[in-house]
Amino acid sequence: MNTSKEHALELFPRDVDALIAEIGLPAFAGKQVIDWIYKKQVTSVDEMTNISKEKRLLLEERLFFRRSKCIKTQKASDGTIKKLFRGIQARSRQKL
C-alpha cells in the first residue's frame, strides 16, 4: 500500500476513487470526498463533516491541502473563464 501523502487539489476524481479503494473505504466515500474537494473547496479533511471521524483520520494520513497558484486566466466570448494553476509538483492543471 502506498502511504505517501497526496495533494488533494491535484487529484482527479478517478484518483480519489482509487485512494478510497486503497484505504478500504466504501465506494460512496469517494463521491463524498470529491464533493468536499471540488464543490465545497475545503482546506482540510476535518471539514468533511459528513464523513465519520474514523474515516477522516484515514484520509488525513493520505491527503494534504495547499492552494495552487493561478498563473494564467482567459475569458472566452461566451463568458467561460479558464484558469491555469501551477501545481505543487510543478505540474500545470487547467480548470474551467
Original post:
Are any of the residues in the range 2-13 under 11 Å from residue 63 (Cα atoms), in a helix (DSSP H, G or I) and at pLDDT 90 or above?
Top reply: no
Original post:
Does residue 16 meet the test of being in contact with a Leu (Cβ under 7 Å, 6 or more places away or on another chain), among the β-branched types (Val, Ile, Thr) and modelled with pLDDT of 85 or more?
Top reply: no
Original post:
So which residues in the range 14-57 are more than 15 Å from the chain's Cα centre (by Cα) and either in the same structural domain as residue 85 (by TED's automatic domain parsing) or not in a loop (DSSP other than H, G, I, E, B) (or both), if there are any at all?
Top reply: 21, 22, 28, 53, 54, 55, 57
**OP:** For the range 22-44, name all the residues that are of a type in the set (Gly, Ala, Ser) and farther than 14 Å from residue 63 by Cα.
**Re:** 24, 27, 29
Subject >> In the range 51-68, the residues that are at pLDDT below 90 and either polar (S, T, N, Q) or over 15 Å from residue 6 (Cβ atoms) (or both) >> reply: 67, 68
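The values are calculated or read from the model by the stated rules, or taken from the named source; none is laboratory data. Here the structure is a predicted model, which means the values were calculated and not measured. Backbone-built Cβ (ideal geometry, glycine too); neighbour counts: all protein chains shown.
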